[in-house]
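First the structure, in the form of C-alpha cells, and then the observations on it.
The values are calculated or read from the model by the stated rules, or taken from the named source; none is laboratory data. Treat the numbers as computed from the prediction; the structure is a model and nothing was measured. With ideal geometry, Cβ positions are generated from the backbone for all residues, glycine too; neighbour counts draw on all protein chains shown.
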Amino acid sequence: MIVVLGGGPAGRLAAIRLASSGKQVTLVEHGGIGGQCLHSGCMPVCAMNDVARLIHSARELKDLGVIGTVPGVDFQVLLREMGKIQQKIASILDTETREAGVEILYGKSGRLSGRRAYAGDEDLEAEAVIAATGSRPFVPDIPGVDLPGVLTSRTLPGMKTLPKKIAIIGGSVVAAEFAYIFSTFGSEVTILSRSTFLKDADKHIRALAIKELEGVTIRENAPVSSINGRSRVASVTCKNEEIEADAVFLAAGLVPNSESLEGVKKGALGEVVVDNRMRTSVPDVYACGDVVGPPYLTPVARHQGIVAADNILGIPRTMDYQNIPRSISLTHELAYCINETEGMGSMVFPGPAGPGSFWSVPTGQTGLSKVIFDPETGDIGGICAAGPGGGLIAGYMAFLMKKHFTVHDFEEFIEVHPSTDGVYGLAKYASSVVKKRNNP
C-alpha cells in the first residue's frame, strides 16, 4: 500500500497516478479535498476577481455612457455562494479520486515518523509514503496580530462586512490580487510592503500591475511595527505613522505544514528537503507540493506529485523548474515566463484590442505583450502576456520555450482572430529583426 498524506493538488494527483497504475493507495486528508488552492487560495481569488472584473467593466461602460449604472456587491452573498460552489467542486474531486481507485480517509491528521505513516493514531503500513501536507499563510510576529479584524486567506470567509479601510501587509502577488478585489468592491486599500512591491515580477508586468491598482496606496519599504485596537482592529503603525484601518489582511507569504513530519531533513523555513525525484532523506518517503517550499504554485505542485508517483512506480523522472509560467490576476491576467535575460534583447507593445479589451482602448488598459530574445539566434528567453487570456498564452509559450522554439518558428504561425494575443506578432517581428541584423 502507498500512503499519501494530504489531498491537495500534489497529493491528489500523485494518488490518482499510483492507483491508475494498479497500486493500492490510501489518501489521508484532515480537511477538504482540493487543498489550499480550492478552499483558500486560487479558487476564491478567481471567484472574487470575476466579480471585481465585472464591476470594473461596468464602470468603463458607464463612463462612456453605454450603460447607466454600475452594480454593487453583496459581500455576504458572494461568500455564501462561493462556498457552495467550492463544496460542489470538492465533491467532484472526491468522486474523481475515488473512481480512480483511491481510498480517502477524511477527518484524520496525517503524520510521519521516520518511515512510518499515521492517520491520527492509526499506524498505516506502507511500502512508500508521499508527504503532501501543503502550506499555510505566514502570520508575522507583530503586536496586535491576534485582534479581531486581522484576516488571512483562510479566515476571510468569517468577514461579516466589507471594510471601509483595509491595510494589506505584504508585497506579494496575493497582496496585489486582494488589493484589486477590495479596491474594486469599494474599500480604501493600503498595501504595506516590507521591501519592493512585486519585486520578483518582470519590470513591465510590475509597472502594469501598479497602473491597474490605481486608487490603491502602495507603500514600499514599509514594515508594520504594530496592529492597534481594543476590541478589534482600528489602525496599524508603520514607520511611527498610524494608518487607520478597520481590517488587516495578511499576505506576507506561506509556511510549509511540516510539523507533523518527523525524521525527514528540513530546511530553514521548515520545508522538507527533496532531490529532483522528490525523494526525502528517508528511504521510500517522498514529498511534494508546498511542503517542499517555493515556488508555491499549484501547477508545480501537481507536477511534483506526478514525478513522485512515477519514481515510486519505478519510472525514473526528474523535476525541472525552468520555464515555469506565473500570473497575477487583476483587471487582466498579467502572465509571464522569464528564463534568461542576460545578453537578450526585448520588444514590448501594448496589448491589442479584442475580446475582453475592446472597451478598454479609451483608457489605454489593454495590457501588453513582450518577447525577450537572443538577437543573434532568435532563442526566446522570456515572454509577457498581459490581457484577457494572458495565462493561457504564457502557459503554452512556456512549454514552447522548454522545447527550444525560437522566434523564427512563429513565421508559419496562423492565429485565431480576433484575439488579444500579441506575443505571436512580436515573435514574428523579432524574427525579421534578427534576420536583418544577421544578413544586412
Handout entry: Residue that is farthest from residue 225 (Cα to Cα), among those in segment 122-140 that are part of a loop (DSSP other than H, G, I, E, B) and within 24 Å of the chain's Cα centre (by Cα)
Key = 132
Fill in the blank from the handout: In segment 97-121, residues that are modelled with pLDDT under 95 and among the acidic types (Asp, Glu) total 1
Problem - Selection status of residue 156, crowded, with 19+ Cβ neighbours inside 10 Å, at pLDDT 95 or above and either closer than 23 Å to residue 289 by Cα or aliphatic (A, V, I, L, M) (or both) - result: no
Handout entry: Conditions (1) outside the structural domain of residue 36 (by TED's automatic domain parsing); (2) touching a strand residue (DSSP E or B) at 6+ places or on another chain (Cβ under 9 Å): number failed by residue 157
Key = (2)
Completion exercise
Quick count over segment 212-253, residues being on the phi < 0 side of the Ramachandran plot and either part of a loop (DSSP other than H, G, I, E, B) or among the basic types (Lys, Arg) (or both), is 16
Exercise for the section: Name the residue, out of 399, 405, 413, that is closer than 19 Å to residue 321 by Cα and either more than 23 Å from the chain's Cα centre (by Cα) or of a type in the set (Asp, Glu) (or both). Expected result: 405
Handout entry: From the options 315, 324, residue that is on the phi < 0 side of the Ramachandran plot, assigned to a loop (DSSP other than H, G, I, E, B) and free of Cβ contacts under 8 Å to residues at least 24 places away in the same chain
Key = 315
Practice task
Specify the residue that is nearest to the chain's Cα centre (by Cα); the eligible residues are those in segment 195-222 that are closer than 19 Å to residue 140 by Cα and surrounded by 15 or more Cβ atoms within 10 Å (Cβ to Cβ).
Solution key: 198
Exercise for the section: Output yes when any residue across segment 204-213 is of a type outside the set (Lys, Arg) and touching a Lys or Arg at 6+ places or on another chain (Cβ under 9 Å), and no when none is. Expected result: yes
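Can residue 152 be described as more than 25 Å from the chain's Cα centre (by Cα), closer than 30 Å to residue 220 by Cβ and polar (S, T, N, Q)?
Numbers: more than 25 Å from the chain's Cα centre (by Cα): no; closer than 30 Å to residue 220 by Cβ: yes; polar (S, T, N, Q): yes.
Answer is no for this residue.
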Exercise for the section: Inspect segment 345-367 for any residue being crowded, with 19+ Cβ neighbours inside 10 Å, part of a helix (DSSP H, G or I) and either touching a residue at least 40 places away in the same chain (Cβ under 8 Å) or not hydroxyl-bearing (Ser, Thr, Tyr) (or both) and give the result as yes or no. Expected result: yes
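Touching a residue at least 12 places away in the same chain (Cβ under 8 Å), of a type in the set (Val, Ile, Thr) and touching a Gly at 6+ places or on another chain (Cβ under 6 Å), is that true of residue 152? If you could, list the steps in order and put the result at the bottom.
Details: touching a residue at least 12 places away in the same chain (Cβ under 8 Å): yes; of a type in the set (Val, Ile, Thr): yes; touching a Gly at 6+ places or on another chain (Cβ under 6 Å): no.
No: the conditions fail for residue 152.
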